[in-house]
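These notes concern the structure reproduced below.
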Amino acid sequence: MDFSFTDEQQMLQDTTRRFVASRYSFDVRHAIAATAEGWSRDVWAQMADLGLLAINIREEDGGLDAGPVGTMLVAGALGEALSLEPFLASAVVATHVIGNLGSATQRAEWLPALGSGDLLAVLVTDEGDALHAAFEAREERGGWWLEGSLQGVYHAGVAGLLLVVARTGDGTGVFAVTPETPGVHVSSRGSVDGQRMADVVLDGVHIDVSARVGGEALGPVRDALDAGLAALCSDALGAMERILAATIAYTRSRVQFGTPIGSFQALQHRMAEMLIHMEQARSMSYLATAQCTNPDLPERREALCAAKALMGQAARYIGQQAVQLHGGMGMTDELDVSHAFKRLLAFELRYGTTDERLASYREHVVVA
C-alpha cells in the first residue's frame with residue numbers, strides 16, 4: 001500500500017508546518033490561552049488566507065476540496081502546535097454538514113464565509129459513537145420550536161452559527177440557530193486541554209421554517225462526525241509527536257550522576273516503547289483517514305472504533321511516560337509537556353472514550 005503524499009498534499013502540510021512554526025510558538029499559544037475568548041481571530045484570519053479553512057469545501061462551492069488526507073495533514077500539524085483554534089469544530093465538522101446537507105442557497109451563504117474565516121459554525125450534538133440528539137424540534141405555526149440542553153460543546157461560545165441536531169417527529173434534523181436568538185443560552189468555560197467549550201441551552205427557541213438545514217440529517221451528521229474523528233486522531237498524533245520529541249530532548253539535557261539521563265538503559269527502553277506506541281497510533285490515524293468516507297457503514301464503524309480505542313491507549317501511555325520522565329517539571333505550565341499531556345487526555349474523552357469505543361468495536365466483531 002502506498003502511503004506517500006501527492007505534491008499538492010505535501011505542499012499543504014509544509015505550508016501548515018511553516019505557519020505554526022513562525023506564527024504559533026508556545027509563547028504565542030500561552031498568551032492566546034490567557035485571553036477571555038481562548039483563541040485568536042488574527043491567527044484564524046491568517047489560516048483563512050492560507051486556504052486552511054476551505055480544505056473541506058468542495059471546488060464548486062469555492063473551496064480547495066483537499067479531502068480526508070489533506071485534512072489529516074493540516075490537523076496533524078495543528079495538533080503538534082497544540083492549536084487552540086476551532087479548526088476541527090468549524091473547518092471540518094460544521095463545514096461537512098453544510099456542504100453535504102445544506103441547500104444551494106445555504107451553501108452559497110455560509111460556505112464562503114466559513115472559508116474566509118468571517119463565520120464560525122459549530123455542530124451542537126453528542127460526539128459519541130451512538131448519536132443521541134439532546135434537543136427536540138417541534139414544527140408549529142410555520143416554524144420550529146427547539147428545546148433541550150447539551151454540555152461541553154467545543155467552541156460553541158464563539159460560534160456565529162449553531163447547527164443544532166434535534167429529534168423531529170419523523171427522524172433527525174439540523175437547525176441553524178444564531179446565539180442572539182431569544183431563548184438561546186451559551187455559557188462558555190475552559191476545557192482540560194486549554195481549549196474553550198460551552199454549555200448550550202435552548203429554552204423555547206422559535207426559528208423560521210427555512211432555518212432547517214436539508215432534510216433527514218442522521219446520515220450526513222454521522223458522516224461529518226466520522227470525518228471529525230479522523231481529524232481528531234491526526235491532531236492527537238501530532239501531540240504525541242511533540243511530547244515524545246520534548247521528552248527525548250529533555251533526557252539528553254538533564255544530567256544526573258554526571259551523565260545525561262537519556263543514556264540510562266531503563267529510560268531508553270521506556271522511550272523506545274513510547275515510539276512503538278506512537279508508530280502504532282500513526283497507522284491507526286491513517287486507517288481512520290482512509291475509512292472515514294467508506295460507504296460500507298459497518299466496516300467504517302469498526303475501523304474508526306478500533307482506531308480511536310488503540311490511539312486512546314497510546315495517548316495514555318505516551319502522556320504518562322512523558323510526565324514521569326520529566327519528573328515534577330512535567331506538570332508545570334512552563335513546559336509544553338503538561339499541555340500536550342492534557343491534549344491527549346482530552347482526546348481520550350472526546351468522540352467516545354477509549355473504553356466506549358473498545359466496547360463498540362467488540363460488539364461489532366461479535367455481531368459480525
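The values are calculated or read from the model by the stated rules, or taken from the named source; none is laboratory data. Computed from a predicted model, the values in this text were never measured in an experiment. All Cβ positions, even for glycine, are placed from backbone atoms using ideal geometry, and neighbour counts span all protein chains on display.
How many residues does region 109-151 hold that are under 30 Å from SER360 (Cα atoms) and at pLDDT below 95? I'd like the intermediate steps shown before the answer.
First, the residues of region 109-151 that are under 30 Å from SER360 (Cα atoms): 121-137, 147-151.
Still in the running and at pLDDT below 95: 126-134.
Within region 109-151, residues that are under 30 Å from SER360 (Cα atoms) and at pLDDT below 95 number 9.
Could you tell me which of the residues GLU241, GLU279 is modelled with pLDDT of 95 or more, of a type in the set (Asp, Glu) and out of contact with any Asp or Glu (no Cβ under 8 Å at 6 or more places or on another chain)?
GLU279
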Looking at GLN313, GLN320, GLN324, which one is of a type in the set (S, T, N, Q) and either closer than 15 Å to ALA281 by Cα or buried (at least 20 other Cβ atoms within 10 Å of the Cβ) (or both)? GLN313
Could you go through region 36-45 and let me know if any residue there is part of a helix (DSSP H, G or I), touching a residue at least 60 places away in the same chain (Cβ under 8 Å) and either crowded, with 16+ Cβ neighbours inside 10 Å or of a type in the set (A, V, I, L, M) (or both). yes
Quick check on my filter: what residues within region 94-139 are closer than 17 Å to GLY173 by Cβ, surrounded by 18 or more Cβ atoms within 10 Å (Cβ to Cβ) and among the aliphatic types (A, V, I, L, M)? ALA94, VAL97, ILE98, LEU101, ALA121, VAL122, LEU123, VAL124, ALA133, ALA134, ALA137
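Mind telling me which of the residues GLU273, GLU241 ends up being surrounded by fewer than 21 Cβ atoms within 10 Å (Cβ to Cβ), touching a Phe, Trp or Tyr at 6+ places or on another chain (Cβ under 9 Å), part of a helix (DSSP H, G or I) and in contact (Cβ under 8 Å) with a residue 24 or more places away in the chain? Can you show your working first?
Details: GLU241 fails: touching a Phe, Trp or Tyr at 6+ places or on another chain (Cβ under 9 Å).
One residue alone meets the criteria, GLU273.
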Among the residues of region 285-295, are any crowded, with 22+ Cβ neighbours inside 10 Å, among the small types (Gly, Ala, Ser) and closer than 30 Å to GLY128 by Cα? yes
Name the residue that is nearest to the chain's Cα centre (by Cα), counting only residues in region 123-172 that are in a strand (DSSP E or B) and on the phi > 0 side of the Ramachandran plot. GLY152
As an exercise: evaluate ALA359 against (1) under 19 Å from ASP126 (Cα atoms); (2) touching a residue at least 12 places away in the same chain (Cβ under 8 Å); (3) of a type outside the set (Ser, Thr, Tyr) and give the number of the one condition it does not meet. (2)
Can you give me the number of residues within region 65-90 that are surrounded by 24 or more Cβ atoms within 10 Å (Cβ to Cβ) and free of Cβ contacts under 8 Å to residues at least 40 places away in the same chain? 0
The correct count of residues that are farther than 21 Å from LEU119 by Cβ and under 18 Å from the mean Cα position of the chain (by Cα) in region 173-199 is 7
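Can you find a residue in region 221-233 that is assigned to a loop (DSSP other than H, G, I, E, B) and not aliphatic (A, V, I, L, M)? Break it down into steps so the answer makes sense when it comes.
Pass one, region 221-233, residues assigned to a loop (DSSP other than H, G, I, E, B): none.
No: region 221-233 contains no residue that is assigned to a loop (DSSP other than H, G, I, E, B) and not aliphatic (A, V, I, L, M).
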Would you point out which residue out of GLY99, GLY51, GLY63, GLY79 is of a type in the set (Gly, Ala, Ser), outside the structural domain of MET278 (by TED's automatic domain parsing) and under 16 Å from the mean Cα position of the chain (by Cα)? GLY79
Scan region 264-275 and tell me whether some residue there is under 26 Å from GLN9 (Cβ atoms) and modelled with pLDDT of 95 or more. yes
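Is it the case, given these coordinates, that VAL184 is touching a Ser or Thr at 6+ places or on another chain (Cβ under 6 Å), among the β-branched types (Val, Ile, Thr), at pLDDT 95 or above and over 25 Å from ARG29 (Cα atoms)? Before the answer, list the steps.
Values: touching a Ser or Thr at 6+ places or on another chain (Cβ under 6 Å): no; among the β-branched types (Val, Ile, Thr): yes; at pLDDT 95 or above: yes; over 25 Å from ARG29 (Cα atoms): yes.
Taking the combined requirement at face value, the residue does not satisfy it.
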Could you tell me whether any residue of region 186-198 is out of contact with any helix residue (DSSP H, G or I) (no Cβ under 9 Å at 6 or more places or on another chain), in the same structural domain as ARG138 (by TED's automatic domain parsing), surrounded by fewer than 17 Cβ atoms within 10 Å (Cβ to Cβ) and of a type outside the set (Phe, Trp, Tyr)? no
Which of (1) without any contact (Cβ under 8 Å) to a residue 60 or more places away in the chain; (2) over 18 Å from GLY76 (Cβ atoms) is the odd one out, the single condition ALA281 does not satisfy? (2)
Being at pLDDT below 95 and in contact with a Ser or Thr (Cβ under 9 Å, 6 or more places away or on another chain): is that true of SER234 here? no
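Test of understanding: among VAL158, VAL192, VAL200, VAL164, which residue is within 28 Å of ALA346 (Cβ to Cβ) and without any contact (Cβ under 8 Å) to a residue 60 or more places away in the chain? So that I can check it myself, show each step before the final result.
Details: VAL158 fails: without any contact (Cβ under 8 Å) to a residue 60 or more places away in the chain; VAL192 fails: without any contact (Cβ under 8 Å) to a residue 60 or more places away in the chain; VAL200 fails: without any contact (Cβ under 8 Å) to a residue 60 or more places away in the chain.
Result of the check over VAL158, VAL192, VAL200, VAL164: VAL164.
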Residues to consider are ALA54, ALA48; find the one that is buried (at least 20 other Cβ atoms within 10 Å of the Cβ), modelled with pLDDT of 95 or more, farther than 22 Å from ALA340 by Cβ and of a type in the set (A, V, I, L, M, F, W, C). ALA54
